[in-house]
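Written out below as structure tokens is the structure these notes cover.
The values are calculated or read from the model by the stated rules, or taken from the named source; none is laboratory data. As the structure is a computational prediction, the values presented were derived from the model and not from experiment. Heads up, the Cβs are rebuilt from the backbone with ideal geometry, glycines too, and the neighbour counts pull from every protein chain shown. Ligands, DNA and RNA are stripped out before the accessible areas are found, and what is left, the full protein with its side chains, is counted by its heavy atoms. Shrake-Rupley method; radii C 1.70, N 1.55, O 1.52, S 1.80 Å.
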Amino acid sequence: MNINANSNFANIKETYLFSEIGARVRKYQEANPSASVIRLGIGDVTLPLNKVVVDAMTEAVAEMGVKETFRGYPPEYGYDFLRQAISDYYTRNGSSVPASDIFVSDGAKSDCGNFPDILGSNEILIPDPVYPVYLDSNTMNGNHINLVTGSADNGFTPSPSDITTGDKPYVIYICSPNNPTGAVYTRDGLKAWVDYALKTGSLIIFDAAYEAFITEDIPHSIFEIEGADQCAVEICSFSKFAGFTGTRCGWTVVPSGLDAGGVKLQKLWARRQATKFNGVNYPVQRGAQAALSVKGIEACMEAIDYYRNNAKMIADLMSKKGIWYTGGTNSPYIWLKCPNGMGGWEFFDMLLNEAQVVGTPGEGFGEAGAGFFRLTSFGSAEATAEAVARLDKLL
Ligand code: MLT
């Protein structure tokens, strides 16, 4: 054909991290059909949707089957009932986000990947290691990437003083609780980034997908920090909070005050969504609304406690073995230093071949992740206990 493909794709890895891991595990499983492989790699939930959510969705499906209550296209930015429920959720957690700033979507990953659509060519600042979607989606768009390094020394929560590429206006990505390291920014840590963004005219894209795992007195939202509504958007999700990884629903907050050179970002995001997205289906939005009710939150928290117990089993093993790790307390992820100076992929192969346990090599989250490894607590309690027993023998 005489058309041009997007040449920026030449600058990203050929396969997405979790596709690569899936392919390696499938290959192993084909060669060893009787092996019982335990998957603690991708952070995918295993508990079913709770009854509060299922009842609401069932009722909504029934409404769709009756002429009087049938609904066609959903509103592009989400039904008012869900936007209001999300706004109320922020209020309960101590911040104030008007429903009109909330845009319902099919999940945080899509919004992270799509947000660069409404931004021009900018300097991008991405922590290393971090969720690969930020780097990949900006590379696809041809943006110039700057990395700010997380390490055991800064607790994997790099601050503006760790920037080595100079002070300038950046589009800054922050994920807290962090994927993959499980590290969490304190109020002061987040304030430092908000102050930096206000001083330099930067935009923060804050990924709060794991906020429901927070147990300590630390911010669940960037909007708990004064001034954030002038410099930040926040992306969040029902995936980990309510077990919606397969159901798909999330949201992005784009404050009305965000102004990029005289252009309101909220207006552009609304325009982008209206053109390229047709909304989340009615039963799912009713399920999401139910997840945010008092009873729904209680049920979601039961599931999160279950995963927290899994995290504790893994963390206790690391402590017993004297292996350095972070995460697990305010996060479903345990981020550990591979023993004996092994690389992450080498450790991955060892765990797969000798214990049939799958994790995620730190290298998949950036160069600064080399020699580290991520285990997730989203498996079943039985599978996690079995994985811990196998690792106890192996390590
Ligand atoms: C992960 O394992 O990092 C997550 O499941 C990825 C995601 O949420 O898209």
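From the list Ile323, Ile334, exactly one residue is away from the ligand (no atom under 16 Å from the Cβ) and either closer than 27 Å to Asp217 by Cα or among the charged types (D, E, K, R) (or both). Which is it?
Sole residue among the options that is away from the ligand (no atom under 16 Å from the Cβ) and either closer than 27 Å to Asp217 by Cα or among the charged types (D, E, K, R) (or both): Ile323.
Residue by residue through region 158-188, note down the ones that are more than 29 Å from Asn6 (Cα to Cα) and either surrounded by fewer than 21 Cβ atoms within 10 Å (Cβ to Cβ) or more than 20 Å from the chain's Cα centre (by Cα) (or both).
Matches in region 158-188: Ser159, Pro160, Ser161, Asp162, Ile163, Thr164, Gly166, Asp167, Thr186, Arg187, Asp188.
Give the residues of region 252-291 that are among the polar types (S, T, N, Q), part of a helix (DSSP H, G or I) and surrounded by 16 or more Cβ atoms within 10 Å (Cβ to Cβ), sorted by residue number.
Gln266, Gln273, Gln285, Gln289
When both residues are 6+ apart or on different chains and their Cβ atoms are under 6 Å apart, which pairs have a first residue that lies in region 142-154 and is farther than 17 Å from Leu190 by Cα and open to solvent by 40 Å² or more (accessible area, probe 1.4 Å), and a second that is among the charged types (D, E, K, R) and not in a loop (DSSP other than H, G, I, E, B)?
His144/Glu123; Leu147/Asp128
For Glu234, work out the one condition from (1) open to solvent by 40 Å² or more (accessible area, probe 1.4 Å); (2) in contact (Cβ under 8 Å) with a residue 24 or more places away in the chain; (3) among the acidic types (Asp, Glu) it doesn't fulfil.
(1)
Could you list all residues from region 116-133 that are open to solvent by less than 40 Å² (accessible area, probe 1.4 Å) and in a helix (DSSP H, G or I)?
So the first thing to find is which residues in region 116-133 are open to solvent by less than 40 Å² (accessible area, probe 1.4 Å), and the list is 116, 118-119, 124-133.
Residues satisfying the conditions are Pro116, Ile118, Pro132, Val133.
Identify the residue in region 39-48 that is open to solvent by less than 20 Å² (accessible area, probe 1.4 Å) and within 9 Å of Gly359 (Cα to Cα) and, among all such residues, is farthest from the ligand (Cβ to nearest atom).
Ranking the candidates gives Leu40 first.
Which one is nearest to Glu224 (Cα to Cα) among residues in region 90-108 that are hydroxyl-bearing (Ser, Thr, Tyr) and surrounded by 22 or more Cβ atoms within 10 Å (Cβ to Cβ)? Even if it seems obvious, please write down each step before you answer.
The first filter runs over region 90-108 and keeps only residues hydroxyl-bearing (Ser, Thr, Tyr), leaving 90-91, 95-96, 100, 105.
Checking the rest, the ones that are also surrounded by 22 or more Cβ atoms within 10 Å (Cβ to Cβ) come to 90, 105.
Details: Tyr90: 9, Ser105: 22 Å.
Of everything passing the filter in region 90-108, Tyr90 is nearest to Glu224 (Cα to Cα).
State whether the residues of region 328-337 include one that is without any contact (Cβ under 8 Å) to a residue 60 or more places away in the chain and open to solvent by 50 Å² or more (accessible area, probe 1.4 Å).
no
Could you please let me know if Thr252 is within 14 Å of Gly78 (Cβ to Cβ) and modelled with pLDDT of 95 or more?
Yes: the conditions hold for Thr252.
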